[in-house]
Every structure is written in structure tokens, then in C-alpha cells.
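Student: Supplied in C-alpha cells, the structure appears directly below.
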Amino acid sequence: MRFMILMIPSVYQKPTDPNFMPPADMVEQMMKYNEELAKAGVLLALDGLHPPEKGSRISFAGGAPTVKDGPFTDATGVLGGYWMIRVKSKTEAVEWAKRIPALEGDLIEVRQVQEMSDFPTEIQDLIPVDLQKLGETQADGARSDE
């Protein structure tokens, strides 16, 4: 099973410097955590994201997209980064998430990734074969001990 672990940092709950970088000791702790994931063979991907001040949001109303560049006044729940892991259960994913070196007020969300096999056959039949193969390749990933 693949799970995405999402980091929602408290620092993004208020406007930040668009060039914000976490303190060096925090980066060091995060790199140690990332190494543990890699050594355990569960890490598939990870990335940190620039502050929301450097982002854009596209909303859809009346059939037309509207683009708004950051900063955003309603910055609650803004992602700061993610990890994609492959583990045997949600319980295992949550255990990994509990080990993240988060700061006071940070929020971590664990979400299972939908696989093609999760969809009913009639929906799978609507998905072009090349996209099904892409999903299967991602699902096969680094480990096959499910």
C-alpha cells in the first residue's frame, strides 16, 4: 500500500517571508528521518515546498479558471511538503508519521493513495491503457512485499 504523508507546518498559518527557510537544525533532523525511511526501504518520494507566498491558486467558478498569486489570506492547511511511502498497513504509515521531527502546532496528515485496483471494473475500463500502466508502475514501486 502506498501512503502520502503530508506536512502542514504551523509557520504557514500566517504570512511568511517568501524566502523563508527552516533552521539548519530542523533540516538536519528531517534529513535523519528521511534516511531512516530510505534505510527501511519504504521511501518512494519526498519533497519540500516553497512558502505559499511563492505559489498560485486556481479556482473555478462559472466554468472559468481564476488565478490568484500568493500570499493568501486564508492560509490554513497549507502544505509544506510530503513523503510517499510504501508500507503494509495504515497503522505502519501512522507509526512512521509519528516519528517526523515536527514543531509545536504542525499538523501531519496520512492518506492512502488510490490504486487502479481500488476502482470498480467499469471505471477501470474507462481509463486509457497507458494511464493504467503508469499507475501500475507507480504502484509496483520499490517494494513488493504487500
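The values are calculated or read from the model by the stated rules, or taken from the named source; none is laboratory data. In this text the structure is predicted, and so the values were computed from the model without any measurement. Using ideal geometry, Cβ is built from the backbone for each residue, glycine included, and neighbour counts are taken over all protein chains shown. Surface accessibility is based on the protein's heavy atoms, side chains included, excluding ligands, DNA and RNA. Shrake-Rupley method; radii C 1.70, N 1.55, O 1.52, S 1.80 Å.
Student: Given (1) closer than 25 Å to Glu115 by Cα; (2) in a helix (DSSP H, G or I), identify the lone condition not met by Glu28.
Tutor: Evaluating Glu28 over (1) closer than 25 Å to Glu115 by Cα; (2) in a helix (DSSP H, G or I) leaves (1) as the failure.
Student: While we're looking at this one, here's another question. If we scan the range 63-71, do we find a residue that is among the basic types (Lys, Arg) and not in a helix (DSSP H, G or I)?
Tutor: Within the range 63-71 (the criterion being among the basic types (Lys, Arg) and not in a helix (DSSP H, G or I)), the answer is yes, since at least one residue qualifies.
Table: residues versus (1) over 10 Å from the mean Cα position of the chain (by Cα); (2) open to solvent by 80 Å² or more (accessible area, probe 1.4 Å); (3) more than 23 Å from Asn34 (Cα to Cα).
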{"site": "Phe60", "(1), (2), (3)": "yes, yes, yes"}
{"site": "Asp69", "(1), (2), (3)": "yes, yes, yes"}
{"site": "Gly77", "(1), (2), (3)": "yes, no, no"}
{"site": "Tyr82", "(1), (2), (3)": "no, no, no"}
{"site": "Val94", "(1), (2), (3)": "yes, no, no"}
{"site": "Arg111", "(1), (2), (3)": "no, yes, no"}
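Student: Could you look through the range 14-39, keep only residues that are closer than 11 Å to Gly80 by Cβ and open to solvent by 40 Å² or more (accessible area, probe 1.4 Å), and pick out the one that is modelled with the lowest pLDDT?
Tutor: Only one residue tops the list, namely Phe20.
Student: Residues to consider are Ala64, Ala45; find the one that is over 24 Å from Tyr12 (Cβ atoms) and among the small types (Gly, Ala, Ser).
Tutor: Ala64
Student: Residues of the range 40-57 being outside any strand (DSSP E or B), aliphatic (A, V, I, L, M) and loosely packed, with under 15 Cβ neighbours inside 10 Å, which ones?
Tutor: Within the range 40-57, Ala40 is the sole residue that qualifies.
Student: Being of a type in the set (A, V, I, L, M), touching a Pro at 6+ places or on another chain (Cβ under 9 Å) and surrounded by 14 or more Cβ atoms within 10 Å (Cβ to Cβ) is the filter here, so list the residues in the range 96-109 that pass it.
Tutor: Within the range 96-109, Ala102, Leu107 qualify.
Residues checked against (1) not hydroxyl-bearing (Ser, Thr, Tyr); (2) not in a strand (DSSP E or B):
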site	(1), (2)
Met4	yes, no
Tyr33	no, yes
Ser59	no, no
Lys88	yes, yes
